[in-house]
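First up is the structure itself, then whatever we jot down about it.
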Amino acid sequence: MSWLILAAVIGGILLGNYVLSAEQITVIAGFGPWALYLVLFTIGYGLAQDRTAWHRFSRLGWRVLLMPLATMLGSLLGVALLGPLCGLSIYESLSIGAGFGWYSLSGALLSSLGFSALGAIALLCNVIRELLTVLTVPWVATKIDPFLAIAPGGATTMDTTLSLLARYGTNESVLAALINGIVLSIAVPILVPLFASFIS
């Protein structure tokens, strides 16, 4: 599955650069949201079939927030430690890492705030994060733990990587992934501008 996904990404890059026209790419891109809606619908339908999953998950109570909190802290700690090694300040690193995989928003936010270079870096970093998630989820979810496979996806676990987590995880881990993605998606437009405001 991982190799098929990687091949699809590479194939898309090659087609976009060498075969398809800009008009054709625009038309194809218009189908993207509808494909995502279909995936989310089928996942929701599958969850509805397991009547006990929601009950088991609801018993966790406030602990359902531990996953997004751990993902958030781990992501920010990681960029805070590694960013300076790449020549970035602590707040530049945090503003990039606070995208939590949501590359389309984090890059645009930083660019709109006047940090075009950081916006480009955020776009690249968060695209790589999503790609690494796609490549590692099958192995981590099946060989280690399906809940552990959620963290790398960050905000994308409510949409683009949710179907992958559903394929290799459990109903409970899918619900955890959905909540993880929702919480982190809410945090992105708050934290990115916050950290960027401290950049001198």
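The values are calculated or read from the model by the stated rules, or taken from the named source; none is laboratory data. Every value quoted in this text rests on a predicted model; they were computed, and no experiment measured them. Here the Cβ positions follow ideal geometry from the backbone for every residue, glycine too, while neighbour counts run over all protein chains shown.
Selection of segment 22-34 for residues being assigned to a helix (DSSP H, G or I), at pLDDT 65 or above and either surrounded by 10 or more Cβ atoms within 10 Å (Cβ to Cβ) or aromatic (Phe, Trp, Tyr) (or both) yields 24, 25, 26, 27, 28, 29, 34.
Take the conditions (1) surrounded by fewer than 20 Cβ atoms within 10 Å (Cβ to Cβ); (2) in a helix (DSSP H, G or I); (3) of a type outside the set (Lys, Arg); residue 121 misses just one of them, which is (1).
The single condition from (1) modelled with pLDDT of 90 or more; (2) more than 15 Å from residue 155 (Cβ to Cβ); (3) among the aliphatic types (A, V, I, L, M) that residue 72 fails is (2). For segment 99-115, the criterion of a residue being at pLDDT 85 or above, aliphatic (A, V, I, L, M) and within 19 Å of residue 180 (Cα to Cα) is satisfied by no position.
Considering segment 10-19, and only residues there that are modelled with pLDDT under 80 and surrounded by 13 or more Cβ atoms within 10 Å (Cβ to Cβ), the residue that is farthest from residue 131 (Cα to Cα) turns out to be 16. Is it the case that residue 110 is among the aliphatic types (A, V, I, L, M), surrounded by fewer than 18 Cβ atoms within 10 Å (Cβ to Cβ) and part of a helix (DSSP H, G or I)? Criteria not met by residue 110.
One residue stands out among those in segment 134-172 that are among the polar types (S, T, N, Q), part of a helix (DSSP H, G or I) and crowded, with 21+ Cβ neighbours inside 10 Å: the one that is nearest to the chain's Cα centre (by Cα), which is 156.
The condition of being closer than 27 Å to residue 10 by Cβ and either part of a loop (DSSP other than H, G, I, E, B) or within 14 Å of the chain's Cα centre (by Cα) (or both) holds for only one of 127, 188, that being 127. Filtered by the rule that a residue be more than 26 Å from residue 196 (Cα to Cα) and among the small types (Gly, Ala, Ser), segment 109-165 gives 141, 149, 163.
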